[in-house]
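Working notes, structure below.
Derivation of every value follows stated rules applied to the coordinates shown; laboratory data play no part. The model shown is predicted, which means the values in this text are computed figures rather than measured ones. For neighbour counting, all protein chains shown are included, and Cβ atoms are generated from backbone atoms with ideal geometry for every residue, glycine included.
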Amino acid sequence: MSPFVAELVGTALLIVLGDGVVANVVLNKTKGNNSGWIVITFGWGIAVFVGVYAATTLGSGGHLNPAVTIALASLGQFEWSMVGQFIAAQMMGAMAGAFIVWLCYRNHFDETDNSGSQLAVFSTGPAIRSPLSNFISEVVGTFVLVIGVLLMSKAEMKLGTLDALPVGLLVLGIGLSLGGTTGYAINPARDLGPRIMHAVLPMKHKGSSDWGYAWIPVCGPILGGVLATLVFRAIS
């Protein structure tokens, strides 16, 4: 299978399980309504494990994240000529995954009159809106993600079929420790693709897609990933 399709499928699975757990927790009349932040973070950790494992098995290396793709290209571990193709696949996969979540939960979206909760299923938002602080949070979260992935790769961890598990656990840890400020996008495609779908899909009580905030979960992760490569070069 082509790396493009692998990235698309892996990112779609990431969003189906990740946005899906948010929908189960925040939308009205679901079985998991109000089950809390811990459920969301564990759901995202599992989503990353499944998505990375699927994409790696299908032949892409399991980036699923433009920040990771750009970071690896910056290190010379990935061809710059492939960056645009991978990011396009990640965006398409994220949009497809968000559509599937909406399809599964469409009745619950209509039963939810809180437009903020509807948007939270698709994209991240700050607990306290402060652009500089929110931007720093996304930079730091993605820095931890990328430096962790690079160090794991350098260590050549051998876990057989569980090779994607450390990345999933790392994302779980980021969510538990650093995710309370912005909801830890740490992935431009994860936030922007579903945000676009929120803007176009029909939902009762739908509010703004908050485009004024949307640059933060895109630019912050990219900068965090690049900074991680600089530190990785220095320490390795």
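Quick query: amide H of Thr112 versus all other amide H atoms, modeled in the peptide plane; which residues come in under 5 Å with a sequence gap of 5 or more or a different chain?
The list, which skips near neighbours in sequence, is Asn28.
Which order do the peptides 34-46, 10-22, 73-85 take when ranked by the mean count of other beta-carbon atoms within 10 Å per residue, highest first?
Sorting 34-46, 10-22, 73-85 by mean packing, highest first, produces 10-22, 34-46, 73-85.
Applying 1/(1 + (r/R0)^6) with R0 = 25 Å to the Cβ-Cβ distance of Gln85 and Phe42, what FRET efficiency is obtained, to the nearest 0.05? Before the final figure, lay out the partial values.
On the way: r = 32 Å, r/R0 = 1.28.
That gives a FRET efficiency of 0.20.
By count of other Cβ within 10 Å, fewest leading, how are Leu169, Leu103 ordered?
Neighbour counts put them in this order, fewest first: Leu103, Leu169.
Membrane-span-like helices in the chain: DSSP H runs reaching 27 Å or more (Cα, own axis), mean Kyte hydropathy at least 0.0?
Span-like helices, by this rule, are 3-26, 37-58, 83-111, 131-155, 216-235.
Apply the a/c threshold of 1.5 to the C-alpha gyration tensor of the chain and tell me whether it is rounded, prolate or oblate.
prolate
If I model a spin label at Asp113 and Ser2 as a point 7 Å from the Cα along the Cα→Cβ vector, what separation in nanometres do I get?
Result for the modelled spin labels: 4.8 nm.
Relative to the Cα centre, what is the charge dipole magnitude of the chain, using +1 at the beta carbon of each Lys and Arg, -1 at the beta carbon of each Asp and Glu, and rounding to the nearest 20 debye?
Dipole magnitude for the chain comes out near 180 debye.
Multiply the residue separation of Ala199 and Met152 by 0.36 nm, subtract the distance between their alpha-carbon atoms, and state the gained length in nm to one decimal.
The Ala199-Met152 span can extend by a further 13.2 nm.
Diagonalise the Cα gyration tensor of the range 106-236 and give the resulting equivalent ellipsoid semi-axes, square root of 5 times each eigenvalue, largest first, whole Å.
31, 18, 11
Name the aspartates and glutamates eligible as straight-distance cross-link partners of Lys154: C-alpha to C-alpha under 15 Å, and not fewer than 8 places from it in the same chain.
Within the straight-line cut-off, Lys154 pairs with Asp163.
Using 0.36 nm times the number of residues separating Cys104 and Ala234, minus their current alpha carbon distance, what extension gain do you get?
That pair, Cys104 and Ala234, stretches by 42.2 nm at full extension.
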